[in-house]
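Engineer: Just passing along the structure, written as structure tokens.
The values are calculated or read from the model by the stated rules, or taken from the named source; none is laboratory data. Treat the numbers as computed from the prediction; the structure is a model and nothing was measured. Here Cβ is always computed from backbone atoms with ideal geometry, including for glycine, and neighbour counts include all displayed protein chains.
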Amino acid sequence: MGKRRNQRVARSRLQDWLPRLQHPRIYLQRHAQVALDSLGRMYRNPLPSLMTAAVIGIALALPSSLYLLLDNLHRMSGSWDGQASLSVFLKEKVPAAQRDALAGRIRAWEEVASLQVITPEQALDEFSTHSGFSTALEALDENPLPAVLVVVPQTAHTGPAAAEALQKKIKLLPEVELAQLDLAWVQRLNAMIEIARRGILLISALLALAVLLVIGNTIRLEIQNRHDEIVVTKLIGATNPFVRRPFLYSGLWYGLLGALLAWLLVSAGFWLLAEPVAALAGLYQSDFTLQTLPLVTLGVLLACGTLLGLLGSWLAVGRHLSAIEPS
Amino acid sequence: MGKRRNQRVARSRLQDWLPRLQHPRIYLQRHAQVALDSLGRMYRNPLPSLMTAAVIGIALALPSSLYLLLDNLHRMSGSWDGQASLSVFLKEKVPAAQRDALAGRIRAWEEVASLQVITPEQALDEFSTHSGFSTALEALDENPLPAVLVVVPQTAHTGPAAAEALQKKIKLLPEVELAQLDLAWVQRLNAMIEIARRGILLISALLALAVLLVIGNTIRLEIQNRHDEIVVTKLIGATNPFVRRPFLYSGLWYGLLGALLAWLLVSAGFWLLAEPVAALAGLYQSDFTLQTLPLVTLGVLLACGTLLGLLGSWLAVGRHLSAIEPS
Amino acid sequence: MIRFTNVSKRYPGGFEALTNISFHMEKGAMAFLTGHSGAGKSTLLKLIALIERCTRGQIFLDGENVSDIHRRRIPYIRRKIGFIFQDHHLLYDRTVYDNVALPLVIAGYRHQDIGRRVRAALDKLGLLSKERMYPITLSGGEQQRVGIARAVVNKPMLLLADEPTGNLDPDLSREIMQLFGLFNEVGVSVLIATHDVELIHSMDYPVLALDHGRLAATAEDYA
Amino acid sequence: MIRFTNVSKRYPGGFEALTNISFHMEKGAMAFLTGHSGAGKSTLLKLIALIERCTRGQIFLDGENVSDIHRRRIPYIRRKIGFIFQDHHLLYDRTVYDNVALPLVIAGYRHQDIGRRVRAALDKLGLLSKERMYPITLSGGEQQRVGIARAVVNKPMLLLADEPTGNLDPDLSREIMQLFGLFNEVGVSVLIATHDVELIHSMDYPVLALDHGRLAATAEDYA
Ligand SMILES: Nc1ncnc2c1ncn2[C@@H]1O[C@H](COP(=O)(O)OP(=O)(O)OP(=O)(O)O)[C@@H](O)[C@H]1O
Ligand SMILES: Nc1ncnc2c1ncn2[C@@H]1O[C@H](COP(=O)(O)OP(=O)(O)OP(=O)(O)O)[C@@H](O)[C@H]1O
Ligand SMILES: [Mg+2]
Ligand SMILES: [Mg+2]
């Protein structure tokens, strides 16, 4: 009895599904139509749709621009990396030839990225122009300054521990009087980037949440709005996927539109910031400019927007659609 | 005829309004009841209401925390103001007594905030510890360094032009060899703060807009949602203010709730940032700590939230309610 | 109470639902409005309640010319009218009690008065036991009676009923009609649109018959 | 077609709307369902269309026991049934055409077929000229006819009508009933809930009479 019933149920289920299997083109056509319908619905109410998309756009634009800023900061700090270097003071009696040979040896080490030789003459020059002690030093008969090798560690070795190891290794060389490690800058930079990173992570998480909430909320209200329509379509034989589909597409469109707006906003923001950044770079005698927006950002934005849109509407639909049953 | 009609209309208008004038207590009672009703409606759908409030909260939290960060940065940069100073190098032959008298004279100028005398001995000490040239300098028989006066201009005079004027004035003194203006820091700081200020203004504007949009959108969808109810109440004699009121109160509550959430978020964010900031301050040998959240922030947040809420719902109500007329 | 002079109503689409209607219904009178489906019965009632505005002619209500009245005055006019809608127009997220109380809340009655009046109205329509229920859980006829209760709860001067017995069985229909008669006896003017010919004939009230938007028989003689 | 065996329906509130109903209506039959307001007519029709689920007893539809059917199967059952609702249940933001086309869209018909079938249904109900209008601009009776067109457009095996003539004038009511008769003649089973006693008596179909949720007379004899 039970088996026969099951068989019958199975058969009738198959019958229900058969049209879909037989006509995949009609099925796809219907999907395309629903997607267009959802878009059309938004197009017919342009202002509210744009409002929702604008909120999503703003929420997506902020973390992306912050991320891009951090990225640029990183590149900028790259030009400061020279600061995270070792100043190696050679003993006064080391002759120029031996000095250059030593420089060549150290430069070949794998933990060294680059090495710059500052001769005593160069050191005096630089010192007098930068320190304001020029007149004082001019009074000296003899150059009191030693030669200096500025050693920049490989990026892999710039961590405080690695840099200190390099310092120790250099100190052991007989020609070296003193090897000074400028760690302060590295630490400061790390601390700053740590703060920025935490801040941006926090903000990104909050804003991704905001996007989810906005889309979820919009879809929820749209569902409530079309409550009667949902009831009626269910009453005349609509399946749950049929009812769900337009809302999922709505969420997708909102996310996509929001992402596009976000891209526009980020572009505008970068354009606005370009001038003061150039001024700042000028002060640092840096040829640093804000990187133009990479196209990959657009891709990432669109992907994130679409996914968040789908996810938000999926959550809203899951929570609210099943609650609507005709009675 | 026209006049009589006008009189009659005026009379009947008065009649319509009379109950309100006669019973102000009932009128206020009704307001309170609508406000509570709106709140109750939100309370009965806690999740969606919280979602909306959360979005508003996030949108309000970001500019406030950024503003607070800038505020703290400003305070922090205050402790760097010493950098925007003049280094006055005295001629080598100036004796100590004359040097101190000069220092006293300059200190008395009104454009000077403070003055620090660095004797040649102190200069040599400091120079050798900071520059890494200690060994080189130890080799010198005589101290080649002049005395230096570090002059900090009054805050009113730290602007580049004023500071330069002070520099010129000092340069004219016969005892002075050289007066160096350390403007770079001032300019860098100004450029950075300019960027930050622009960024925060932009972000604040965007997020205030986002709050308006979110509230406007929520209220709009709520209006659409209660379309039938609005039609029915209008059909049985509800005035426009009567219909409008619950939505305005909804907007107000959303704004208020959002502001409260924003305050919680800002507090949480500050708590999270406290540690890395302390680490950074340690690196600068600064006793700087993040200022605890001032209570006035809460006040400003609540005010902004409420106002934005009311404004958003006002705009939505204005646009959408009048369009709903029974037919 | 109601005076139409050469009233026409053309809907935005261009369809003329009412053409050149003139009649007069005295204060305290009761009359039926009949006609085929689409004849314009609902349109006529909507013109009186200012739900639609006439495109030609003049409408007087309680002596006031309402054909070009200002939008802001409309709510106050509507409060004098109890309207029973063809499609109920109940609020489905409020209880029967709250639905019936709505006109009183809108008019700003005091809490105590509201309770008393609502219960009285529900009692008259045999709905006291359904007070706490939501309209969606009521049968079609019960919903229609809730609509009637709401229309009469604030003792309007004029009662307009659009197909008030469309969903009621014959017994109940007769009862409701008798109820309207009782209202009429205490001075309320009543105008009922219905297609229930049998019912009309069984009661002795004047009949306004509409045919494709034109008046076939008027209540003038009764006035 | 429809078989009820000892079916009872108790609503969540505790009210028992139907008590111990048993009857059988054969495939291709036509019958009326009557009873006072609140007797349980709508409830019985809702049980058949699985809008409400019975609390006791068993319901067979076209040989299939639907009393404990899985939720996912319900839409496919409903597609076999044309339901004319007491309160129309039209979509007010779509044209008459789109409303009538909805069951075909849901069932996944092809574009061309939809147009042909919808126009045929509208034509039968005298609504072809209102095709592009929105339901809100239609008279009560016209809306009811749109609901009927929507119910018959996908040629269901079973037609359930809840008070289909509540808003129609007597002439139109008779026409609509004759239309149901025509459907029945081409093999559609028809069950009509109505309180229009006159109409029932004028037509020669079996009658199921409900009284406070109990069956007073059955169609068994006809089966
Ligand atoms: N808003 C509107 N826009 C355009 N046409 C309309 C509108 N409202 C009604 N009509 C048309 O006006 C005519 C009269 O409508 P009305 O609702 O007054 O009829 P009725 O007499 O109440 O009919 P029923 O008995 O079916 O309710 C109908 O043909 C209808 O299509
Ligand atoms: N969802 C529900 N919850 C609780 N009670 C309900 C619900 N739906 C209907 N009822 C009750 O069940 C009874 C029968 O309702 P039903 O709608 O079946 O009556 P009906 O015969 O269709 O009446 P009418 O002719 O007035 O439409 C009514 O008393 C009604 O109040
Ligand atoms: Mg009508
Ligand atoms: Mg019913």
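Engineer: Can you tell me which residue within the stretch C:12-37, out of those that are within 8 Å of another protein chain (Cβ to nearest Cβ), small (Gly, Ala, Ser) and touching a residue at least 12 places away in the same chain (Cβ under 8 Å), is farthest from ligand 3 (Cβ to nearest atom)?
Structural biologist: Once the filter is applied, the top-ranked residue is C:Gly35.
Engineer: Applying the selection to the stretch A:190-249, what residues are free of Cβ contacts under 8 Å to residues at least 12 places away in the same chain, among the basic types (Lys, Arg) and buried (at least 20 other Cβ atoms within 10 Å of the Cβ)?
Structural biologist: Result: A:Arg226, single match.
Engineer: Given the residues C:Ser37, C:Ser22, C:Ser8, which is the only one that is more than 15 Å from ligand 1 (Cβ to nearest atom) and either more than 16 Å from the chain's Cα centre (by Cα) or surrounded by fewer than 15 Cβ atoms within 10 Å (Cβ to Cβ) (or both)? Working first, answer last.
Structural biologist: Values: C:Ser37 fails: more than 15 Å from ligand 1 (Cβ to nearest atom); C:Ser8 fails: more than 15 Å from ligand 1 (Cβ to nearest atom).
From the options C:Ser37, C:Ser22, C:Ser8, the qualifying one is C:Ser22.
Engineer: Need pairs with beta-carbon distance below 9 Å; first residue assigned by TED's automatic domain parsing to the domain that holds B:Ile219 and within the stretch B:29-51, second of a type in the set (Ser, Thr, Tyr) and loosely packed, with under 15 Cβ neighbours inside 10 Å; sequence gap 6+ or separate chains.
Structural biologist: Once the first residue is assigned by TED's automatic domain parsing to the domain that holds B:Ile219 and sits in the stretch B:29-51, its partners that are of a type in the set (Ser, Thr, Tyr) and loosely packed, with under 15 Cβ neighbours inside 10 Å give B:Ser49/B:Tyr43.
Engineer: What about A:Leu283, is it at pLDDT 90 or above, within 12 Å of chain B (Cβ to nearest Cβ) and out of contact with any strand residue (DSSP E or B) (no Cβ under 7 Å at 6 or more places or on another chain)? So that I can check it myself, show each step before the final result.
Structural biologist: Numbers: at pLDDT 90 or above: no; within 12 Å of chain B (Cβ to nearest Cβ): yes; out of contact with any strand residue (DSSP E or B) (no Cβ under 7 Å at 6 or more places or on another chain): yes.
No.
Yes or no, residue by residue, for (1) surrounded by fewer than 16 Cβ atoms within 10 Å (Cβ to Cβ); (2) facing another protein chain (nearest Cβ under 8 Å):
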{"position": "D:Ser67", "(1), (2)": "no, no"}
{"position": "D:Pro75", "(1), (2)": "no, yes"}
{"position": "D:Arg78", "(1), (2)": "no, yes"}
{"position": "D:Gly82", "(1), (2)": "no, no"}
{"position": "D:Leu90", "(1), (2)": "no, yes"}
{"position": "D:Asp93", "(1), (2)": "yes, yes"}
{"position": "D:Val96", "(1), (2)": "no, no"}
{"position": "D:Asn99", "(1), (2)": "no, no"}
{"position": "D:Pro103", "(1), (2)": "no, yes"}
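Engineer: Additional query: Give the number of residues within the stretch C:139-175 that are at positive phi and within 12 Å of ligand 4 (Cβ to nearest atom). Spell out the reasoning first.
Structural biologist: So in the stretch C:139-175, the residues at positive phi come out as C:155, C:163.
Narrowing further to those that are within 12 Å of ligand 4 (Cβ to nearest atom): none.
So the answer is 0.
Engineer: Check whether at least one residue in the stretch B:206-228 is in a helix (DSSP H, G or I), among the basic types (Lys, Arg), under 30 Å from A:Ala278 (Cα atoms) and facing chain A (nearest Cβ under 7 Å), and report yes or no. Break it down into steps so the answer makes sense when it comes.
Structural biologist: First, the residues of the stretch B:206-228 that are in a helix (DSSP H, G or I): B:206-225, B:227-228.
Keeping just the survivors that are among the basic types (Lys, Arg) gives B:220.
After this cut, where a residue has to be under 30 Å from A:Ala278 (Cα atoms) as well, the list is none.
No - not one qualifying residue is present in the stretch B:206-228.
Engineer: Report every pair of residues separated by at least 6 positions or lying on different chains whose Cβ atoms are under 8 Å apart, first residue within the stretch D:131-152 and over 23 Å from D:Leu182 (Cα atoms) and at pLDDT below 90, second away from ligand 3 (no atom under 16 Å from the Cβ) and outside any loop (DSSP other than H, G, I, E, B).
Structural biologist: D:Leu138/D:Val96
Engineer: Okay, moving on. Would you confirm whether or not the stretch A:304-322 contains a residue that is of a type in the set (S, T, N, Q) and at pLDDT 80 or above? Give the steps one after another, and end with the answer.
Structural biologist: Of all residues in the stretch A:304-322, those of a type in the set (S, T, N, Q) come to A:306, A:313, A:322.
Adding the requirement that they be at pLDDT 80 or above leaves A:306, A:313.
So far as the stretch A:304-322 goes, yes, one or more of its residues are of a type in the set (S, T, N, Q) and at pLDDT 80 or above.
Engineer: If I ask for residues that are within 19 Å of C:Gly140 (Cα to Cα), within 13 Å of ligand 1 (Cβ to nearest atom) and within 10 Å of chain C (Cβ to nearest Cβ), which ones from the stretch D:143-184 would you list?
Structural biologist: D:Gln143, D:Gln144, D:Arg145, D:Thr165, D:Gly166, D:Asn167, D:Leu168, D:Asp169, D:Ser173
Engineer: If you check C:Ile136 against the conditions, is it away from ligand 4 (no atom under 16 Å from the Cβ) and within 14 Å of chain D (Cβ to nearest Cβ)?
Structural biologist: Details: away from ligand 4 (no atom under 16 Å from the Cβ): no; within 14 Å of chain D (Cβ to nearest Cβ): yes.
Judged against the criteria, C:Ile136 is not a match.
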